[in-house]
Ligand SMILES: Cc1ncc(COP(=O)(O)O)c(C=O)c1O
C-alpha cells in the first residue's frame, strides 16, 4: 500500500528532540533555524492590506507577476545582473523549491550527491523520489570547514543526476567561493547534472553584503536551479514563500509540478514578499548585525573551551561544534534538554560523520543565547569525565 522508501522514512533528528518540548516557555530554543524577532510591521501590514483588498483567489501558479518582477529587480541590484523574470518561479517555501527541483532531476535508479553536513530535509526530499543518495562531507581544517570541487567530483558516481550545494551552509557556515562555483557549474554543464544551489542564507555572511551566488557565474541555459526565499533574511519563516531561478527549459515543467504541490504560494503572503524586497534592506542589515552579535557570543562562550572543538562559521546563523569523544549526539542533546532546558539539534541528523557534533542556532536574542550557552557549558563541564559514555540509557 505504501512505497517501501516512504515506510523507511524517519522523523528528522531535529524535530525528534524539539517536538518533546515545543513552545515550552522554560526552554531556550536553539534547535530550529530562526530567531525570536517577529516579521517587521511593514511586511505584515502589506499582507493585511492584500487580504483587505480581496487578494484571496488563485493566482498564477509560478507566482504573482508583481512579485516575480520584484525578485528580478532585487537580484539584478544585488548581483549586477539582468535576469529574465520568466526564469523566476515562486514556490510555497524554499523547501518546496528544492523538492520540485529534486523531482525534476532524479527518480529510482538515479543517484543524487549532497554536500554535507546537510539539513536533514534535503536528504529526505531526494530519497522520496526513489533515488539513492550519496554525500560528500566538508572537512574541518585549521582554517575552518573546507571542500574542494575535485573532492565533490570524486564523489560523483555513474548514475549521479543531481548535485546539491547549500552555501552559506546549514549547519557549518561554510561558504563556497566564486571560482569553485564556476568549476562545479562547468562540470555539471558538461555532464548535464542538475545542480540545485540552495542560497537561503545568501544575506547572512559576516564579511560583505552577500555570499557568492551561482547566478553570478551561470549562463541562462545551465542545468541549474538556484533556490532562495524570504524565511531567513527577512525573518519570515512562517510565511512559506520562496523563489527559484532556473533555465527557461525547466519553466514549463515547473508550472506542471507546481500545480500538483500547492498551485503556487499563498497569495497575500506573496504580497508581503514584495514589501520585503522593496523596503527591506534595513531589515536585512539589522538582522545581520543581530546574527553577527550572536556569533560573537558563541565565540566568547565556546571557542577555546577544552571540551569543545569549534570552527567559526563564515555565514548562516549556526555553530556546529564537536565534542571530542562524544559518541551519541542524540543522548547529549536529550541530556541538555532535560537537565538545562536548552534545545539543541543532534549532530547525527546532519548526515554521516557528525555523531560527536551538535548544532545551535545563534539567531535568538542575545540575552537568551548567552544564558543558553552558559547552561550548555555547565552541562558539558559537569559530565566532562563521561562524555564518551553518554547514551540514551544514562
Ligand atoms: C539549507 C536550508 N534550505 C532551506 C530551508 C527552508 O527554507 P524555507 O523556510 O523557505 O522553506 C532551510 C531552513 O532552515 C535551510 O536551512
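Looking across 296, 269, 265, one residue alone is assigned by TED's automatic domain parsing to the domain that holds residue 163 and assigned to a helix (DSSP H, G or I). It is 269.
In the stretch 225-243, the qualifying residues are those that are closer than 13 Å to residue 99 by Cα and within 11 Å of the ligand (Cβ to nearest atom), and the one that is farthest from the chain's Cα centre (by Cα) is 243. The requirement of being out of contact with any helix residue (DSSP H, G or I) (no Cβ under 9 Å at 6 or more places or on another chain) and more than 12 Å from the ligand (Cβ to nearest atom) is not satisfied by residue 80.
Of all the residues in the stretch 104-119, those that are outside any loop (DSSP other than H, G, I, E, B) and closer than 14 Å to residue 152 by Cβ number 6. Do you know which residues across the stretch 171-205 are under 17 Å from residue 146 (Cα atoms) and assigned to a loop (DSSP other than H, G, I, E, B)? The answer is 171, 172, 173, 174, 175, 176, 177. Taking the stretch 17-43 as the range and being touching a residue at least 12 places away in the same chain (Cβ under 8 Å), surrounded by fewer than 18 Cβ atoms within 10 Å (Cβ to Cβ) and part of a helix (DSSP H, G or I) as the test, only 42 passes.
Restricting to the stretch 339-394, name every residue that is in contact (Cβ under 8 Å) with a residue 40 or more places away in the chain and assigned to a strand (DSSP E or B). Of everything in the stretch 339-394, those that are in contact (Cβ under 8 Å) with a residue 40 or more places away in the chain and assigned to a strand (DSSP E or B) turn out to be 342, 343, 345, 346, 357, 359, 360, 361.
Just one residue in the set 369, 380 is over 18 Å from residue 118 (Cα atoms), in contact with a helix residue (DSSP H, G or I) (Cβ under 6 Å, 6 or more places away or on another chain) and buried (at least 17 other Cβ atoms within 10 Å of the Cβ); that residue is 369.
Looking across the stretch 116-131, the residues that are surrounded by 18 or more Cβ atoms within 10 Å (Cβ to Cβ) and over 18 Å from the mean Cα position of the chain (by Cα) come down to 129, 131. For residue 98, the requirement of being assigned to a strand (DSSP E or B) and either closer than 30 Å to residue 359 by Cβ or within 12 Å of the ligand (Cβ to nearest atom) (or both) is not met.
Going through the stretch 76-91 one residue at a time, which ones are in a helix (DSSP H, G or I), closer than 22 Å to residue 252 by Cα and in contact (Cβ under 8 Å) with a residue 40 or more places away in the chain? Within the stretch 76-91, 86, 87 meet the criteria.
The values are calculated or read from the model by the stated rules, or taken from the named source; none is laboratory data. Nothing here was measured: the structure is a model prediction, and the numbers come from that model. Every residue, glycine as well, gets a Cβ built from its backbone with ideal geometry; the counts of neighbours run over all protein chains shown.
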